[in-house]
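The values are calculated or read from the model by the stated rules, or taken from the named source; none is laboratory data. Nothing here was measured: the structure is a model prediction, and the numbers come from that model. Note: ideal-geometry Cβ built from the backbone for every residue, glycine included; neighbour counts use all protein chains shown.
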Amino acid sequence: MSSRFLIFLSIFARTISLKRLRIDSKLINVQGRPMDIFEEIVAAKKAGTPVVLATVIESLGSAPREEGARMLIRADGSIAGTIGGGAIEKKIVDEALQLMSASSPKFIRYELKDIGMTCGGGMSVFLEPLLPAAQLIIFGAGHIGNVLSRIGKMLDFNVTVVDNRPEFADRALLPWADIVIAEDYQKAIDALNLTDNTCLVILTHKHVHDVQVLEQLLHKPFRYLGMIGSRTKVAKAFQQLRDNGVDETMIQKIHSPIGIDIGANTPAEIAISIAAELVAARSGKDVSNLTLRRDT
């Protein structure tokens, strides 16, 4: 057979192998034991925990693993699968842990002799952060909450809407929301699974409910906590929190009045201003907002 034909067969076999790896995660094995990489990814997504998928895309010389080998790195540094062990695997885990809060993938190439591996050769590895969607929980399904839930879904948040009025917390009125809860706010909060990646927005139909929900949520994990209200009502709410023994450092974490200052008046405009602040919080950006300054 000609050398050109042999090269073609090699490329064809490699392509088929990679396709099979994509289709059936059980083809990824460590010492004969199946590694359900993709099941791990699904479980991480359901749990709302970040992971990084490392895939060998080039293997040269005596590199320990072939193209298509995969390894999943969890936030605690543990792994599923392998890309060869030793120094190369340690390097990849360290790189992956730095990507846990990033959104961009990374391409890395190593000459194995340069990292102390005697097998020689080289490896190119693609690191892909698989971050869970940020959770957005909206308390209040009125005009602003309804619009904000729709915008939140468009912005790739996992959206939950809670209202103690069944006629408002209606799936037919909120078809884009992932979860709709018609329940007493206290009971709903107790049942919710909140994490450091959760954004909480308080927009209930009564200011007394706003303050009650706010005080309950202050003791929960969150990335963002915002409450609607005029500057006067917000100042009174903050003083009530102080009177109830809430530490000033916790009060400083509240975004209230809520939203970016764009001169919003209508429910849709207010929802847009809140959504802009949510995107900034998710991206770790400090933006000009309406939050009541503690020195005013």
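Only residues that are surrounded by 22 or more Cβ atoms within 10 Å (Cβ to Cβ) and charged (D, E, K, R) were counted across the stretch 157-182, and they come to 1. Which residues, taken from the stretch 139-181, are in contact with a Leu (Cβ under 6 Å, 6 or more places away or on another chain), among the hydrophobic types (A, V, I, L, M, F, W, C) and touching a residue at least 60 places away in the same chain (Cβ under 8 Å)? Matches in the stretch 139-181: I144, F157. Look at (1) in contact (Cβ under 8 Å) with a residue 60 or more places away in the chain; (2) under 22 Å from T266 (Cα atoms); (3) of a type in the set (A, V, I, L, M) and you find that V213 fails only one, number (2).
Scan the stretch 173-187 and tell me whether some residue there is of a type in the set (S, T, N, Q), in contact with a helix residue (DSSP H, G or I) (Cβ under 7 Å, 6 or more places away or on another chain) and part of a helix (DSSP H, G or I). Yes, because at least one residue in the stretch 173-187 is of a type in the set (S, T, N, Q), in contact with a helix residue (DSSP H, G or I) (Cβ under 7 Å, 6 or more places away or on another chain) and part of a helix (DSSP H, G or I). Checking each residue in the stretch 131-156 for being modelled with pLDDT under 95 and crowded, with 18+ Cβ neighbours inside 10 Å picks out L131, A134, Q135.
Please work out if N193 is in contact (Cβ under 8 Å) with a residue 40 or more places away in the chain and more than 24 Å from P257 (Cβ to Cβ). It would help to see each step written out before you state the result.
On the way: in contact (Cβ under 8 Å) with a residue 40 or more places away in the chain: yes; more than 24 Å from P257 (Cβ to Cβ): yes.
In short, yes.
Look at (1) at pLDDT 85 or above; (2) closer than 14 Å to E128 by Cα and you find that V42 fails only one, number (2).
Could you run through the stretch 42-98 and say how many residues are of a type in the set (V, I, T) and within 30 Å of R223 (Cα to Cα)? Break it down stepwise before answering.
The first filter runs over the stretch 42-98 and keeps only residues of a type in the set (V, I, T), leaving 42, 49, 51-52, 55-57, 73, 79, 82-83, 88, 92-93.
If we keep only those that are within 30 Å of R223 (Cα to Cα) too, we end up with 42, 49, 51-52, 73, 79, 92-93.
Here the count works out to 8.
The condition of being closer than 28 Å to D156 by Cα and at pLDDT 95 or above holds for only one of A281, A268, that being A268. Could you tell me whether the stretch 203-213 includes any residue that is closer than 16 Å to I138 by Cβ, touching a Ser or Thr at 6+ places or on another chain (Cβ under 6 Å) and in the same structural domain as D261 (by TED's automatic domain parsing)? Checking the stretch 203-213: at least one residue is closer than 16 Å to I138 by Cβ, touching a Ser or Thr at 6+ places or on another chain (Cβ under 6 Å) and in the same structural domain as D261 (by TED's automatic domain parsing).
Looking at L127, is it touching a strand residue (DSSP E or B) at 6+ places or on another chain (Cβ under 6 Å), among the aliphatic types (A, V, I, L, M) and surrounded by 15 or more Cβ atoms within 10 Å (Cβ to Cβ)? Considered against the rule, which asks whether it is touching a strand residue (DSSP E or B) at 6+ places or on another chain (Cβ under 6 Å), among the aliphatic types (A, V, I, L, M) and surrounded by 15 or more Cβ atoms within 10 Å (Cβ to Cβ), L127 comes out as yes.
Residue-by-condition table, conditions (1) in the same structural domain as A268 (by TED's automatic domain parsing); (2) within 17 Å of the chain's Cα centre (by Cα); (3) over 22 Å from V208 (Cα atoms):
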residue	(1), (2), (3)
R150	yes, no, yes
F157	yes, yes, yes
P166	yes, no, no
A169	yes, no, no
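Take the conditions (1) touching a residue at least 60 places away in the same chain (Cβ under 8 Å); (2) under 30 Å from S104 (Cα atoms); S283 misses just one of them, which is (1). Which of the numbered conditions does G229 fail, given that it passes all the others? Conditions: (1) in a loop (DSSP other than H, G, I, E, B); (2) in contact (Cβ under 8 Å) with a residue 40 or more places away in the chain; (3) crowded, with 20+ Cβ neighbours inside 10 Å. Of the numbered conditions (1) in a loop (DSSP other than H, G, I, E, B); (2) in contact (Cβ under 8 Å) with a residue 40 or more places away in the chain; (3) crowded, with 20+ Cβ neighbours inside 10 Å, the odd one out for G229 is (2).
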